[in-house]
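Down below is the structure, laid out as structure tokens.
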Amino acid sequence: MTIVDLFAGCGGMSLGFQKAGYDILAAFEFWDTAADCYELNFKHPVYRMDLSDTAAAVEKIRNINPEMIIGGPPCQDFSHAGKRIEADRASLTENYAEIVTAIRPEYFVMENVDRARKSHAYADARELFKKAGYGLTEMVLDASLCGTPQKRKRFICFGALGKEDGFAEETFKAHFADKPMTLRDYFGDSLGFEYYYRHPRNYSRRGIFSIDEPAPTMRGVNRPVPKGYPGHPNDPCPVTENLRALTTQERALIQTFPKDFKWQGSKTDVEQMIGNAVPVNLAYYVAERVKEVIGEYGGNKND
């Protein structure tokens, strides 16, 4: 099945769907640094377009003629880390819906942070999807139950023309792991440490984590252990001189990017791309479930 990836970032979603056998025809990404990184790792083109110009985007995508559209509109205004105020970027969710409903592929997948599901922007996007005749499966997935050693929750909306709402929910649930995946489950003992530091948003939260639990969400910033960290009752170990934050590469691996993935840009940019990305294995999990559902309905598959 042929796909176009919108708001593709550095390519986490694309990698997962490509791994599942889908044919990605093109990606769209407006941030040059992320587009440069994407180009290093994929053979198909990435177009640097502002997708808020929906007329231009629709014209371009219609010529590509994908059978499915996937993508994750920028989520800063919905995220737990932000001020929780919907601003200009939130309208990109509506732009995504406008593009999908103009192209009318048989299927689409949209992902975002979990709180996006309750946003005004998503409510407007959802109305567009329904008016266009899409049945929607809307779920918040825990990445640690979907092949990723990270407690990261993402909202997934899987749409299919002419289907009833909730049509794929049981298929998605049927393949959840029995327990959350820990770093040790995923890496074995290859990391070379037992504990690490992830800077909390405030000191009412812990900052030290064990490899015998899923990692917390990889954010777009990565800070070292500060001299003033007071410790927390729930820390699994005290602060020691050997305790450190994760490296950039370790964070990428926890996001389940392959070791040979090529990163481009400043350290700050790379950390941001890693934090913004959909975990590759979570995207793969979604792609496999979508493929299973398409098979059940007898959809046209080229994979």
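Taken together, the values in this text are just the output of simple stated rules run on the coordinates, not laboratory data. Predicted model only: the values in this text are computed from it and were never measured. Cβ coordinates were reconstructed from backbone atoms using ideal geometry, including for glycine residues, and neighbour counts include every protein chain displayed.
Numbers for the structure displayed
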{"quantity": "Long-range amide H partners of Val113 with built H, under 5 Å", "calculated": "Phe155"}
{"quantity": "Cβ-based charge dipole, the chain, positive-most Cα from Leu15, His199, Met218", "calculated": "His199"}
{"quantity": "Chain lengthening between His120 and Ala102 when straightened (0.36 nm per residue, less Cα-Cα)", "calculated": "4.4 nm"}
{"quantity": "Sorted peptide list for 24-31, 131-138, criterion being average Cβ within 10 angstrom, highest first", "calculated": "24-31, 131-138"}
{"quantity": "Charge dipole (the stretch 226-266, unit charges on Cβ, about Cα centre) - positive-most of Leu243, Gly231, Leu253", "calculated": "Leu253"}
{"quantity": "Magnitude of the charge dipole, the chain, Cβ model with Lys/Arg +1 and Asp/Glu -1, debye to 20", "calculated": "800"}
{"quantity": "Local net charge near Ile103, Cβ-Cβ under 13 Å (Lys/Arg +1, Asp/Glu -1)", "calculated": "-1"}
{"quantity": "Evaluated over the stretch 220-278, the Cα radius of gyration and Dmax, each in Å", "calculated": "13.8, 39"}
{"quantity": "Sparse-neighbourhood loop sites, GluC sites (Glu not before Pro) in the stretch 142-215 - DSSP loop, at most 13 other Cβ within 10 angstrom", "calculated": "Glu164"}
{"quantity": "Residue-by-residue Karplus 3J(HN,Hα) for the stretch 250-255, coefficients 6.51, -1.76, 1.60, Hz, glycine and proline x", "calculated": "4, 5, 5, 5, 5, 6"}
{"quantity": "Cα-based reach from Lys179 at 18 Å (exclusive), listing lysines while leaving out same-chain residues under 8 positions away", "calculated": "Lys151, Lys153"}
{"quantity": "Per residue convex hull volume, Cα atoms of the stretch 193-303, in Å³", "calculated": "151"}
{"quantity": "At R0 = 51 Å, FRET efficiency that the Cβ-Cβ distance of Lys130 and Ala177 yields, to 0.05", "calculated": "0.95"}
{"quantity": "Length-normalised contact order for the chain - Cα pairs under 8 Å, 6+ apart - percent", "calculated": "19"}
{"quantity": "Karplus 3J(HN,Hα) series, Hz, for the stretch 17-30 with 6.51 cos²θ - 1.76 cosθ + 1.60 (x for Gly, Pro)", "calculated": "6, 5, 4, 7, x, 6, 9, 8, 7, 6, 10, 10, 8, 8"}
{"quantity": "On Cα atoms only, tilt of 280-296 relative to the major axis of the chain in degrees", "calculated": "30"}
{"quantity": "Under 21 Å from the Cα of Lys262 - lysines, other chains or at least 8 residues apart", "calculated": "Lys19, Lys43"}
{"quantity": "Radius of gyration and maximum dimension Dmax of the chain, Cα, Å", "calculated": "19.3, 59"}
{"quantity": "Cα gyration tensor, the stretch 140-250 - rounded (a/c under 1.5), prolate or oblate", "calculated": "prolate"}
{"quantity": "Sorted peptide list for 276-284, 238-246, 176-184, 64-72, criterion being average Cβ within 10 angstrom, highest first", "calculated": "276-284, 64-72, 176-184, 238-246"}
{"quantity": "Under 19 Å from Lys267, Cα to Cα: lysines that are on another chain or at least 8 residues apart", "calculated": "Lys259"}
{"quantity": "FRET E, pair Thr268, Glu164, Förster distance 45 Å, beta-carbon r, rounded to 0.05", "calculated": "0.50"}
